[in-house]
Amino acid sequence: MWRNSVGFSSKLLTSKSSCSRLPLLNHGVASRSTSTAAGSGPESTEAAGTVKVGFSSTEWVRTGSPTSSAVDLSSFAAASVLKGRDIVDMAKHYGRCYAELSKARLSMLVVATSGTGYILGSGSAIDYMGLCCTCAGTMMVAASASTLNQVFEVKNDAKMNRTKKRPLPSGRISIPHAVTWAASIGILGTGLLASKANMLAAGLGASNLVLYAFVYTPLKQIHPINTWVGAIVGAIPPLLGWAAASGQVSLNGMLLPAALYFWQIPHFMALAYLCRKDYADGGFRMYSLADASGQRTASVAFRNCLYLLPLGYLAYDWSLTSGWFCLESTLLALAISGTAISFYLNRTTKDARRMFHASLLYLPVFMSGLLVHRVTESEQQMTIEHMSKIIELSPSLETAEAAQEEKRKQSIGNGQRRPPVAYASVAPFPFLPAPSYATF
């Protein structure tokens, strides 16, 4: 009878371990009923007693069959493994959905521009904790705006090959869930900017969220001017970073936002030209859709590339960077302008893609140059003091030179000129010393 009981229990254990996704309570109930059935009879009762589970000098006393404890432990372990896998799978699923809703790569670019603006506005001393909080708050606000953008465009995204696999059109996540996610991180991001930076930075972040989600997004289906409104949205994050570091909006702080604004026009013009069919299928009113030849699209892109040319000189003239950045920025602007000229002359997909790739390269190199060649406030102060000392010394030097010149003139006027002893330096002896004047 004992052997039969053990064999039955082992079969029951095998069947239980092979069964997947059963609740833990059901496992426990089944094991208890099994132990009662296995423990009926005098032979099984005699075998019941102390069960060792492998701990040194420790015994687990359990009334009933030893097979029931084995089934309970194995069932508990199997259920724990299944629940752990479910939790991991769920975390991976929602993590992918949140990353796609937030447009993670685009949001990271926004964070990079905001961080660059913060460093430029910090002067000689950088508050790294403030920098991290500003970047984190900017990331949350950007993720919230991108999520709301997809909530409003879910039907349009379902019609486009480029966007139909996003979480909302594909049904991987519900719209109320996405709205909750957007509202939560938007409030957290704005609150973080307000508490760790200042209210000016928080106001810029909140206004940019509203401008992107509630102005730019619906305008994409109404008028082609949406591209220029979107360029304003992209220009605000570096200004946000500058304001978070310096507490104000100044003329120097407008340099990087201006670069972002002019850079976005050729970038999005190239993208709109490459994805014309997708935008038409989605119902978006892009500038390139009303330009069959592509000439106006290319001319707008080229014109805004030219606007990038003087930015390097302005950064040097405003004492933001050294003179090397002026040269590097000019070369960068000429390079992207060259791709824009090629696109204007040929208007092919290949040239549009080349201009698009050039725009992707331009921005990180431009921002890196700003950071490498930036001039801090202490360096600016040293330069100003040096220039002021030169200015102070220059009148005294001029006065001394004038006095010496006047003294020389007076000595010549008062004295009598004496003829030279000999013109010994004339040919044929040019190596002889110069003539000297003798005094009598």
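The values are calculated or read from the model by the stated rules, or taken from the named source; none is laboratory data. Fair warning: this is a prediction, and the values are worked out from it, not measured in the lab. Because the Cβ atoms are built from the backbone with ideal geometry, glycine has one as well, and the counts that use them run over all protein chains shown. When the accessible area is computed, the model is the full protein with side chains, heavy atoms only, and any ligands, DNA or RNA have been set aside. Shrake-Rupley method; radii C 1.70, N 1.55, O 1.52, S 1.80 Å.
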**OP:** Just read off the accessible area of LYS277 with the full protein assembly in place, 1.4 Å probe, to the nearest 10 Å².
**Re:** 150
**OP:** Output the direction-averaged projected area (hull surface divided by four) of the convex hull of the alpha-carbon atoms of the range 250-393, in nm².
**Re:** 10.1
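By how many nm would the segment from SER299 to CYS132 grow when fully extended, if each residue of separation counts as 0.36 nm and the alpha-carbon distance is taken off? Let's see the in-between values first.
Numbers: separation 167, 0.36 × 167 = 60.12 nm, distance 3.97 nm.
Fully extending the segment from SER299 to CYS132 adds 56.1 nm.
Rank PHE268, PHE343 by accessible area, highest first, at a 1.4 Å probe radius?
Of PHE268, PHE343, the descending order of accessible area is PHE268, PHE343.
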Subject >> Where labels lie 7 Å past Cα in the beta-carbon direction, separation of LEU188 and LEU82 in nm >> reply: 3.2
Original post:
Amide H to amide H under 5 Å from THR321: which residues, 5+ apart in sequence or cross-chain, H placed 1.01 Å off N in plane?
Top reply: TYR316, VAL375
Original post:
Just how much of TYR279 is accessible, in Å², when a 1.4 Å probe is used and the result is rounded to the nearest 10?
Top reply: 20
**OP:** Please list the radius of gyration and Dmax for the range 270-339, considering alpha-carbon atoms only, with Å as the unit.
**Re:** 16.5, 48
**OP:** Towards the positive end of the charge dipole of the range 96-249, with charges on Cβ (+1 Lys, Arg; -1 Asp, Glu), say which of ALA143, ILE236, ALA99 has the farthest Cα.
**Re:** ALA99
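Please go through the residue pairs LYS165/LYS196; LYS103/LYS350; LYS164/LYS196; LYS155/LYS196; LYS103/LYS196; LYS83/LYS196 and name each one whose alpha carbons sit more than 32 Å apart in this structure.
On the way: LYS165/LYS196 37 Å; LYS103/LYS350 26 Å; LYS164/LYS196 38 Å; LYS155/LYS196 38 Å; LYS103/LYS196 25 Å; LYS83/LYS196 39 Å.
Exceeds cut-off: LYS165/LYS196; LYS164/LYS196; LYS155/LYS196; LYS83/LYS196.
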Original post:
How high is the relative contact order of the range 96-249, in percent, counting Cα pairs under 8 Å that sit 6 or more residues apart?
Top reply: 36
**OP:** Taking all protein chains together and a probe of 1.4 Å, list VAL141, VAL375, VAL179 from the most accessible to the least accessible.
**Re:** VAL179, VAL375, VAL141
Original post:
Any idea what the dipole of the range 96-249 comes to, in debye rounded to 20, about its Cα centre with Lys/Arg Cβ at +1 and Asp/Glu Cβ at -1?
Top reply: 680
**OP:** State, as an integer percentage, the relative contact order of the range 250-393 based on alpha-carbon contacts under 8 Å between residues 6 or more apart.
**Re:** 27
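Which value, in nm² and rounded to one decimal, describes the direction-averaged projected area of the C-alpha convex hull of the range 295-335?
On the way: hull surface 10.8 nm².
That works out to 2.7 nm².
To the nearest 20 debye, what is the magnitude of the charge dipole of the range 250-393 about its Cα centre, counting +1 on the Cβ of each Lys and Arg and -1 on the Cβ of each Asp and Glu? Before the final figure, lay out each step's value.
Working: 11 positive and 10 negative charges, 169 e Å.
The dipole of the range 250-393 has a size of about 820 debye.
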**OP:** Among VAL154, ASN198, ILE185, flag the residue with its Cα farthest along the positive direction of the charge dipole of the range 96-249, charges on Cβ as +1 for Lys/Arg and -1 for Asp/Glu.
**Re:** VAL154
Original post:
What do you reckon, how do ARG276, ARG85, ARG374, ARG162 stack up by accessible area (1.4 Å probe), largest on top?
Top reply: ARG85, ARG162, ARG276, ARG374
**OP:** Take the alpha-carbon centre of the range 289-319, take the same for the range 221-285, and report the distance between them in whole Å.
**Re:** 13
Subject >> Residue (of HIS373, GLY312, LEU289) at the positive-pole extreme of the range 250-393, dipole from beta-carbon charges >> reply: LEU289
Original post:
Using the scaling law 2.2 N^0.38 Å as the reference, what is the normalised Cα Rg of the range 96-249?
Top reply: 1.05
